[in-house]
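First the structure, in the form of structure tokens, and then the observations on it.
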Amino acid sequence: MQLTAREIAGRVGGTLVGDPDLLVTGLNSLEHAGANDLSFMRDSRFAARLEESRAGAAFVPEGYVANGKTCIQVAQPDAAFAVLLAIREQEIRIHPKGIHPQAEIAPSARLGKGCAVDAFARVAEDAVLGDGVILYSGVYIGRGVNIGPQTIVYPNACIREYVTVGGGCIIHANVSIGSDGFGFVALPDGRRHKIPQVGTVEIGDDVEIGANTAVDRATVGVTRIGKGTKIDNLVQIGHNVTIGEHCTISGACALAGSASIGNRVTMGGQSGMAGHIHIGDDCIIGGGSGVTGSLAPGSIVQGTPAIDQKLNQRVWLSFKRLPEVLKRLRQIEQRLDRMEKP
Amino acid sequence: MQLTAREIAGRVGGTLVGDPDLLVTGLNSLEHAGANDLSFMRDSRFAARLEESRAGAAFVPEGYVANGKTCIQVAQPDAAFAVLLAIREQEIRIHPKGIHPQAEIAPSARLGKGCAVDAFARVAEDAVLGDGVILYSGVYIGRGVNIGPQTIVYPNACIREYVTVGGGCIIHANVSIGSDGFGFVALPDGRRHKIPQVGTVEIGDDVEIGANTAVDRATVGVTRIGKGTKIDNLVQIGHNVTIGEHCTISGACALAGSASIGNRVTMGGQSGMAGHIHIGDDCIIGGGSGVTGSLAPGSIVQGTPAIDQKLNQRVWLSFKRLPEVLKRLRQIEQRLDRMEKP
Amino acid sequence: MQLTAREIAGRVGGTLVGDPDLLVTGLNSLEHAGANDLSFMRDSRFAARLEESRAGAAFVPEGYVANGKTCIQVAQPDAAFAVLLAIREQEIRIHPKGIHPQAEIAPSARLGKGCAVDAFARVAEDAVLGDGVILYSGVYIGRGVNIGPQTIVYPNACIREYVTVGGGCIIHANVSIGSDGFGFVALPDGRRHKIPQVGTVEIGDDVEIGANTAVDRATVGVTRIGKGTKIDNLVQIGHNVTIGEHCTISGACALAGSASIGNRVTMGGQSGMAGHIHIGDDCIIGGGSGVTGSLAPGSIVQGTPAIDQKLNQRVWLSFKRLPEVLKRLRQIEQRLDRMEKP
């Protein structure tokens, strides 16, 4: 990266305050940035960190001026920084190109223009890849899978038969999409008889699915992930789950079968959800929580079982005082005993 | 699928009440079924759902008759529905056939009749595959592995050296079986010295292992999974764990090293188990629970640390009242103070 | 394995008490060992188990003599047993050798002496493998990755572009290293805009990473794992996490973005850590705990949110008595009511 502050301000439509000729060669956090690095300050609560930083330049909120630093004022500093990260990404992330001779593509599969399929990727019969789809090495695309344009699938991910993935999606390494849901009939003798899972998975546009995450196919019908939803690593999504649009699901979460969540829901890391419940739009579920019942839109919950976050906080403050509570109870009872004595 | 109600009743040995010529072309839940779909009602508690459903036909318990619907009475409606799902599965799930020229099989490996090995699957020296074993693309079968007949291994699963897998098993995508257990000697200077893991894994017949699950090999001896046990996605099974027969282990569970569980044990999602404890037959462990001690057969537990489920429920109802408890304690103490005043 | 007790004592520098000609053909736990097996007793608390064992020989602490058993006295019996396990491992673990004709290695990649690359492994442009690196089948090594000598990468693991892995490391099956961190700008309309992740991952020497674990690359800068650290299966390590040296992180743990932990930290299974907190050296985090704040060196914590382990234990003992607490409160209030009556 070799851009002047003036060029950068131009790219993001920001207002430059400071040295327009400052050469920016790197991007970094305020903590680690040096004299030729660009960083960003999300809002003025972080002003002290910016002032202490050795960053040569920074995106700052509109109207903010930092002592002795070249500032580029923008409406949303983190979004502007993301634009620069995308420029850097184009420099260093070089995807596979073309169809590698060691890729194995069924004759009945149809590939759009400009697709790339690296060595040892396998595309089964009747799969359809939109324009510009990129399959890294070791990817498996099952029979009849449909993938929208510009979607990237990283190494060794598996997308099984008849699954639909939208355009502009990012599927990370070792993801499993469309494996059988976990369904069994309990027989009277204690054995479990498999319920064949003949449904599918439909994933909207601009969805990102993190490494080693598993999304099961439906028993019948569809396991659905709405457009724009972002899912982190090692997340378990059971059969017939429905996830709305623009949700954020952090690492190591688990959604049991037939759970449904609305739009713009946020799940903190390692949280979980029982099956067959509904989470309304815009709910926020704290990290490590276990949600056992349906939630109204906009609920903010924490704990296992998850309850209103503020109540949960109050309760936990009391919780640590439990041994004290028992001691005070004993003392009170002794006082009462003494008083009741004739 | 194109079957009349009469044909379906014949397949499952049920009693038809309604239109024997109704053509069934799909299978679906009561909620989503249409006029040519078959659904099922598990028991009469769900009668209202069946009546409101647009399903043309349904499996119902013996003796039950629904208004205006074609019903097929059977002893276990969900089991009958599973029979139909299996028919549908045969229509749409077309496994690889034969040995793909791009598969790589060691000359000393022995394959039974009718095995299928897709492109980029690797079978190492001395591995033995029973009749009809199916290996999808990218599967790794290590040296000396033994797999029973009719077992299916989905893409990119890894079964390492000398592991034994029974017949009729289903190993899902990106599963890792036989990786080294997690064992170290703590040296006096704080370093951890690896304990080589030279044991193995033995998996019984009819076991299903979900996507991205990991089953470690034993330090010495065997990590064992009994026949008929079903394991969901993203489950961690440590070295020297012993799991009995016909257990059901839901997604994102973790069993620490040398834990042992009996037969027909059920673990809810995201639950965990400490090492070196024993869980008796028929125990049920609630979702999100952490079991820290051994359990007698038939125990039903919940919470972290897991306690009797009913006690846990009572305790959690009290739990939310903790701030109230502290307030009442203060009030009581004030009343006592006033009374004790001379 | 065919070694006399005398030979074994020589290998570990121990003192033999008993039959020097006893032939040891296997290694096992005290519980499962037979007459020609060697086992070990960590310390004299397990003396009864040793006496009851059918093991023919055992490593024991210095000075200890067992009735009728051939004992080899050593300073650290488990460490001596690990030496024997390593001998056994060499007999049975036969790694791939040489470059398989079905491996696909970019011309610009550089391989040290004695590397092995099995079929269907893919090494991208400019990758550098040190001497003796072993890549199993289906492994993906991205552009510009640097791997130190003698590191082993098991089947279907993915190490993405520009990641650095030290020497003597063990990367297990289906691991994902260097996937994009989970970072998004929340737009005013509720959509999430991806923050490109252009940092990397640096892993020190002698690190072990368990099956299906995911280690994300940094947004900018480095996700770092210090030398000698051991990570179990299915662990989620977010972007910009820093892990010190000689840590032990058990299965199914999750570390959120920018968390940092010191040296020799131990995390029990299924525990988690919030982002942007710091855990001091030598902390111990109990299994299933959720750490929500920074910890001083040497802290021992348990629970969610994690608190001092001893306090947590006391509190949980009280916790089960909550229904009783409420009952006693009611009784006290009734007694007070009666007393206050005129």
Could you say which residue among B:GLU52, B:GLU62, B:GLU31 is more than 26 Å from A:PHE184 (Cβ to Cβ) and surrounded by fewer than 16 Cβ atoms within 10 Å (Cβ to Cβ)? B:GLU52
Within the bounds of segment C:88-102, is there any residue that is closer than 30 Å to A:PRO96 by Cβ and polar (S, T, N, Q)? yes
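So that you can scan it fast, the table gives a plain yes or no per residue for (1) modelled with pLDDT of 95 or more; (2) more than 14 Å from chain C (Cβ to nearest Cβ):
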site: A:ARG192; (1), (2): no, yes
site: A:ILE195; (1), (2): yes, yes
site: A:GLU202; (1), (2): yes, yes
site: A:ALA211; (1), (2): yes, no
site: A:ARG217; (1), (2): yes, yes
site: A:VAL222; (1), (2): yes, yes
site: A:ILE225; (1), (2): yes, no
Among (1) under 25 Å from B:ILE195 (Cβ atoms); (2) facing chain A (nearest Cβ under 10 Å), which single condition is B:GLY238 missing? (2)
Within segment B:316-336, identify whether any single residue is within 30 Å of the chain's Cα centre (by Cα) and either within 11 Å of chain A (Cβ to nearest Cβ) or in a loop (DSSP other than H, G, I, E, B) (or both), and answer yes or no. yes
Of all residues in segment A:47-99, which are free of Cβ contacts under 8 Å to residues at least 24 places away in the same chain and in contact with a helix residue (DSSP H, G or I) (Cβ under 8 Å, 6 or more places away or on another chain)? A:VAL60, A:PRO61, A:TYR64, A:ASN67
Exclusive hit being surrounded by fewer than 24 Cβ atoms within 10 Å (Cβ to Cβ), over 10 Å from the mean Cα position of the chain (by Cα) and of a type in the set (Val, Ile, Thr), set B:VAL222, B:VAL241: B:VAL222
Within segment B:171-182, is even one residue surrounded by fewer than 24 Cβ atoms within 10 Å (Cβ to Cβ) and either within 24 Å of the chain's Cα centre (by Cα) or outside any loop (DSSP other than H, G, I, E, B) (or both)? no
Output the qualifying pairs, or none if there are none: Cβ atoms under 8 angstrom, residues six or more apart or on different chains, first residue in segment B:258-272 and on the phi > 0 side of the Ramachandran plot and facing another protein chain (nearest Cβ under 10 Å), second residue buried (at least 22 other Cβ atoms within 10 Å of the Cβ) and not in a loop (DSSP other than H, G, I, E, B). B:GLN270/A:ALA254; B:GLN270/A:GLY272; B:GLN270/A:GLY290
With respect to the numbered conditions (1) under 26 Å from A:ALA157 (Cα atoms); (2) free of Cβ contacts under 8 Å to residues at least 60 places away in the same chain; (3) touching a Phe, Trp or Tyr at 6+ places or on another chain (Cβ under 6 Å), which one is the sole condition not fulfilled by B:HIS172? (2)
Could you please find all residues in segment A:288-299 being within 13 Å of chain B (Cβ to nearest Cβ) and part of a loop (DSSP other than H, G, I, E, B)? A:GLY288, A:SER289, A:THR292, A:GLY293
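The values are calculated or read from the model by the stated rules, or taken from the named source; none is laboratory data. Treat the numbers as computed from the prediction; the structure is a model and nothing was measured. Note that each Cβ is placed from the backbone with ideal geometry, even for glycine, and that neighbours are counted across all protein chains shown.
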